[in-house]
Amino acid sequence: DARVTQTPRHKVTEMGQEVTMRCQPILGHNTVFWYRQTMMQGLELLAYFRNRAPLDDSGMPKDRFSAEMPDATLATLKIQPSEPRDSAVYFCASGIAGVGEQYFGPGTRLTVT
Amino acid sequence: GEDVEQSLFLSVREGDSSVINCTYTDSSSTYLYWYKQEPGAGLQLLTYIFSNMDMKQDQRLTVLLNKKDKHLSLRIADTQTGDSAIYFCAEREGSGAGSYQLTFGKGTKLSVIP
């Protein structure tokens, strides 16, 4: 049963600390997406990759957020320094270019105090 | 820009049919999707419809697409308490293999009353 995995599932940190979230896409998928979900804004696209290359990260605050794919089995989203307004659930999703469906991971619930 | 609108809440009795509605603005949308999110979980793809189709049925789920009015609906027959969740409508922007982004609505919370 192929699934997108994300670690950690929960993270509580203090303002100013660095946060790293990890995602393992489904094997064979060549697109990876990072989303942020909050009650107020709903689901926002932060960045996405195709074949490990970033295609669009316009939804991401560039001064503190960075997204990378060191290899085809790992995507990372870093926040440095973190702020209370970054508190949200962060989802990773993967898919196959051209088909369109995206398969979501269980999310990382981030709380910044 | 593209926008997807959904009503925020829907309440139905167990055994009744649920109809969740969605409107979108991008006339070039090629695929439209329905996702389900249960508490504490990620979004689960339920079904999708290609823009040249009017209807798609999959067991208890029926998707209707009115492309002229840019209106999409999801009908759940014989709604069960396990169907209680948030349902997201999403559209795929543009056309062709070069477009991958989905625009999501804010979700409709379906509550099923036993």
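Mind listing whichever residues of the range A:95-113 are part of a strand (DSSP E or B) and over 21 Å from B:GLN37 (Cα atoms)?
A:VAL112
What number goes with the only condition from (1) surrounded by 20 or more Cβ atoms within 10 Å (Cβ to Cβ); (2) within 14 Å of another protein chain (Cβ to nearest Cβ); (3) at pLDDT below 95 that B:PRO39 does not pass?
All conditions are met except number (1).
B:GLN44 fails exactly one of the following numbered conditions: (1) in contact (Cβ under 8 Å) with a residue 12 or more places away in the chain; (2) loosely packed, with under 15 Cβ neighbours inside 10 Å; (3) not basic (Lys, Arg). What is the number of that condition?
The single condition B:GLN44 does not satisfy is (1).
Quickly run through the range A:1-21 and pick out the residues that are surrounded by fewer than 17 Cβ atoms within 10 Å (Cβ to Cβ) and not polar (S, T, N, Q).
Matches in the range A:1-21: A:ASP1, A:ALA2, A:ARG3, A:PRO8, A:ARG9, A:HIS10, A:VAL12, A:GLU14, A:MET15, A:GLY16, A:GLU18.
Which residues, counting only those in the range A:27-57, are touching a residue at least 60 places away in the same chain (Cβ under 8 Å) and more than 12 Å from chain B (Cβ to nearest Cβ)?
A:GLY28 - this is the single residue of the range A:27-57 that is touching a residue at least 60 places away in the same chain (Cβ under 8 Å) and more than 12 Å from chain B (Cβ to nearest Cβ).
Tell me, yes or no, whether the range B:81-90 has at least one residue that is assigned to a loop (DSSP other than H, G, I, E, B) and away from chain A (no Cβ under 14 Å).
yes
If you go through the range A:60-109, how many residues are surrounded by 15 or more Cβ atoms within 10 Å (Cβ to Cβ), within 14 Å of chain B (Cβ to nearest Cβ) and either in contact with a helix residue (DSSP H, G or I) (Cβ under 8 Å, 6 or more places away or on another chain) or free of Cβ contacts under 8 Å to residues at least 40 places away in the same chain (or both)?
The total comes to 3.
For the range B:24-36, which positions are of a type outside the set (Phe, Trp, Tyr) and surrounded by 16 or more Cβ atoms within 10 Å (Cβ to Cβ)?
B:ASP26, B:SER29, B:THR30, B:LEU32, B:LYS36
Looking at the range B:13-36, which of the residues that are assigned to a loop (DSSP other than H, G, I, E, B) and within 11 Å of another protein chain (Cβ to nearest Cβ) is farthest from B:MET53 (Cα to Cα)?
Per the criteria, the residue is B:SER29.
Residues that are small (Gly, Ala, Ser): which strands (runs of 3 or more DSSP E) entirely in the range A:1-94 hold 1 or more of them?
Strands (runs of 3 or more DSSP E) meeting the threshold: A:42-50, A:53-56, A:65-71, A:74-79.
The values are calculated or read from the model by the stated rules, or taken from the named source; none is laboratory data. A quick note: this is a predicted structure, and the numbers were derived from the prediction, not measured. Cβ sites come from the backbone with ideal geometry, for glycine too, and all protein chains shown count toward neighbours.
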